[in-house]
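What follows is a single structure, written as structure tokens, with notes after it.
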Amino acid sequence: MGQWDVFLSPYKQAVDELKIKLKGMRSQFGIQGNTSPIEFVTGRVKPLASIYDKSLEKGIPFEPSERLAEEMQDIAGLRIMCQFVDDITTVTNLIRQRDDLRVVEEIDYIAHKKPSGYRSYHLIVAYPVETINGKREVLAEIQIRTLAMNFWASIEHSLNYKYKGVFPEEIKNRLQSAAEAAFRLDEEMSSIRSEIQEAQAYFSEVKEATNPTIPTKKEKE
């Protein structure tokens, strides 16, 4: 196993464990008969190519080190998608209350969007993982955003690679306009939140009621 495999192993463990725990939060709402503020959860460990690019950007030597672990806070990354903007606050509060991790930094890109139009709520958390060499605390970034924010961010991310961060003025302006349109959509959906959730609950009930029960082998006999 190479140096990078050893260095990244706790991050992979952190992502796997946090995904299970965050998805568990979503399931608990359903078990209690409540609408979950979490739509779905994804996670990843930053690829080496991306670590290399960011190390150049930050002026950090591209090598496994404590400095890299401290200054590159998003090697382990998770995203929580929500239906409504208000759900982001709910999820953030739930994470703050957990005693199996520690929130070390919060960045509100919703109230204070980036010049590009990017919106999301970022939490940097310290998460302890148990390894064969003892407990190791690693930093992870949790991004909490709506589905509309995530759609925009995914497109912007792809274009950013194409243009190496230097967008043509027309593309830049259109992206900013699209970001505002996405946020207006979020605001409109929030204004009819109760109607949407009632419709979703009704749809689930109807679907469940009309779903045929598959007989067991014993019942067939």
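The values are calculated or read from the model by the stated rules, or taken from the named source; none is laboratory data. Computed from a prediction, not measured in an experiment: that's the story for all the values here. For neighbour counting, all protein chains shown are included, and Cβ atoms are generated from backbone atoms with ideal geometry for every residue, glycine included. Side chains are part of the model used for accessible areas, which takes the heavy atoms of the whole protein and leaves out ligands, DNA and RNA. Shrake-Rupley method; radii C 1.70, N 1.55, O 1.52, S 1.80 Å.
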> Given R₀ = 25 Å, FRET efficiency for Asn133-Arg96 by Cβ-Cβ distance, to 0.05?
Replying inline: 0.25
> With each pseudo-label sitting 7 Å past Cα toward Cβ, what's the Ser9-Asn160 distance in nm, one decimal?
Replying inline: 3.1 nm
> Can you list the trypsin sites (Lys or Arg not before Pro) in segment 96-141 that are in a DSSP coil and have 15 or fewer other beta carbons within 10 angstrom?
Replying inline: Arg98
> Quick one: what does P(r) look like for segment 3-147 with 5 Å bins over all Cα pairs, in whole %?
Replying inline: 2, 9, 18, 21, 19, 15, 10, 4, 2, 0, 0
> What percentage of the solvent-accessible surface of the chain, computed with a 1.4 Å probe over protein heavy atoms, is contributed by carbon and sulfur atoms?
Replying inline: 52 percent
> Considering only DSSP beta bridges whose two residues both sit in the chain, what percent are antiparallel, to the nearest 5?
Replying inline: 75 percent
>> Explain nothing, just the number: relative contact order of segment 3-147, from Cα pairs under 8 Å at least 6 residues apart, as a whole percent.
In response: 26 percent
